[in-house]
């Protein structure tokens with residue numbers, strides 16, 4: 001009896017490297033001071049081969065973000081990358097804003113979740129598989145990196161996806177400074193635990209922009225109130241009014 005060959009499940013394209021890693025990647029390409037660089041030479045800079053998963057991840061994700069162009073086994077920096085590496089004005093936030101929506105998958109997810117609370121990784125991974133043609137064996141990775149990249153690029157505020165050009169605060173300069181010293185480090189495998197740690201660190205940096213109050217409740221859980229440091233008096237009244245509405249609707253209680 002001849003067994004049928006099992007076909008590998010095909011997946012729609014998705015970013016599977018972090019934004020910070022992509023910044024490191026384009027800085028490595030730029031370090032050659034050439035208009036085009038071969039895959040092999042860039043991989044050597046990272047101490048890996050072109051077949052290493054992490055190299056492929058950086059290559060693919062950098063291209064999806066519009067940071068590089070590829071053709072015939074060579075890499076060239078896009079005009080977007082050159083503006084990031086050699087800025088002429090203060091429009092870095094605008095560039096980050098534009099890069100985040102370039103991956104086709106991210107453009108769709110922004111349309112769905114902008115202004116809404118982000119789902120958990122488990123829920124998002126299932127959404128990606130069921131609604132966006134991400135393969136079963138890739139859905140968890142795709143979900144982890146969407147949340148990580150949204151956080152690193154400054155579009156997650158108190159658990160809500162806030163894709164706003166006016167309010168968005170990209171982290172290009174910060175990422176470049178933090179990662180500058182590590183440009184020649186050997187490759188570190190991206191494990192789910194490593195990605196989760198990166199998300200936690202990035203979220204902590206975002207939390208520093210808020211006044212946070214943790215309030216224990218009778219169930220043993222806790223309520224968490226986060227107010228931006230730059231909130232105005234009008235903002236505080238809006239928060240107060242929103243709480244009043246919640247209490248009226250859910251608990252039938254009116255605040256005097």
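Every number in this text was worked out from the coordinates using simple rules, so none of it is lab data. What you see is a predicted model; the values in this text were computed from it and never measured. Quick reminder, even Gly has a Cβ in these numbers, built from the backbone with ideal geometry, and neighbours come from all protein chains shown.
Among 236-246, 11-21, what's the highest-first ranking by average C-beta atoms within 10 angstrom per residue?
11-21, 236-246
Report the extension gain between residue 229 and residue 91 in nm, rounded to one decimal, defined as 0.36 nm multiplied by the number of residues separating them, less their alpha carbon distance.
Difference between extended and current length: 47.4 nm.
If r is the Cβ-Cβ distance from residue 41 to residue 83 and R0 is 25 Å, what FRET efficiency results, to the nearest 0.05?
Efficiency at R0 = 25 Å is approximately 0.60.
What ranking of 86, 163 emerges when the number of other C-beta atoms within 10 Å of each C-beta is taken as an exposure proxy, fewest first?
With the sparsest Cβ surroundings first, the list reads 86, 163.
According to the square roots a ≥ b ≥ c of the eigenvalues of the Cα gyration tensor, what is the shape class of the stretch 1-107, taking rounded for a/c under 1.5, prolate for a/b larger than b/c otherwise, and oblate for the remainder?
Note, shape of the stretch 1-107 comes out oblate.
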